[in-house]
Amino acid sequence: MASIVREVVVEAGAAGCWDAVRDFASLHERLAPGFITGVQMVSPRERDITFFSGAVAREYLVGIDDDR
């Protein structure tokens with residue numbers, strides 16, 4: 001399975017940002033509205049996301065490491 005890691009500077013508080021990132025079912029509402037047009041939860045750790053182009057991708061939540 002491939003992984004992508006990207007660092008981005010965000011002008012917002014850390015607590016609010018991490019809250020949005022942890023909200024796995026609300027990607028299309030909280031992190032990428034317009035770019036991601038829909039999220040269908042397949043299971044608590046698996047989602048199908050629909051992009052503005054109509055393309056669909058399945059993502060798996062591998063883990064959350066609060067210490068890092």
* Could we say that Ser3 is of a type outside the set (Asp, Glu), modelled with pLDDT of 95 or more and out of contact with any Phe, Trp or Tyr (no Cβ under 6 Å at 6 or more places or on another chain) here? -> no
* So Asp48, is it surrounded by 13 or more Cβ atoms within 10 Å (Cβ to Cβ) and either touching a helix residue (DSSP H, G or I) at 6+ places or on another chain (Cβ under 7 Å) or among the acidic types (Asp, Glu) (or both) -> yes
* Asked: Any chance segment 26-41 includes a residue that's hydroxyl-bearing (Ser, Thr, Tyr), part of a strand (DSSP E or B), out of contact with any strand residue (DSSP E or B) (no Cβ under 6 Å at 6 or more places or on another chain) and modelled with pLDDT of 90 or more?
  -> no
* Can we say Arg58 is outside any loop (DSSP other than H, G, I, E, B), loosely packed, with under 12 Cβ neighbours inside 10 Å, modelled with pLDDT of 95 or more and of a type outside the set (Gly, Ala, Ser)? -> yes
* To do: Tell me, yes or no, whether segment 31-39 has at least one residue that is free of Cβ contacts under 8 Å to residues at least 12 places away in the same chain and within 25 Å of Arg68 (Cα to Cα).
  => yes
* When segment 1-24 is examined, which residues are found to be out of contact with any Pro (no Cβ under 9 Å at 6 or more places or on another chain), among the hydrophobic types (A, V, I, L, M, F, W, C) and in a helix (DSSP H, G or I)? -> Ala14, Ala15, Cys17, Trp18, Ala20, Val21
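The values are calculated or read from the model by the stated rules, or taken from the named source; none is laboratory data. From a predicted model like this one, the values you see are computed outputs, not experimental measurements. FYI the Cβ positions are ideal-geometry reconstructions off the backbone, even for glycines, and counts take in every protein chain you see.
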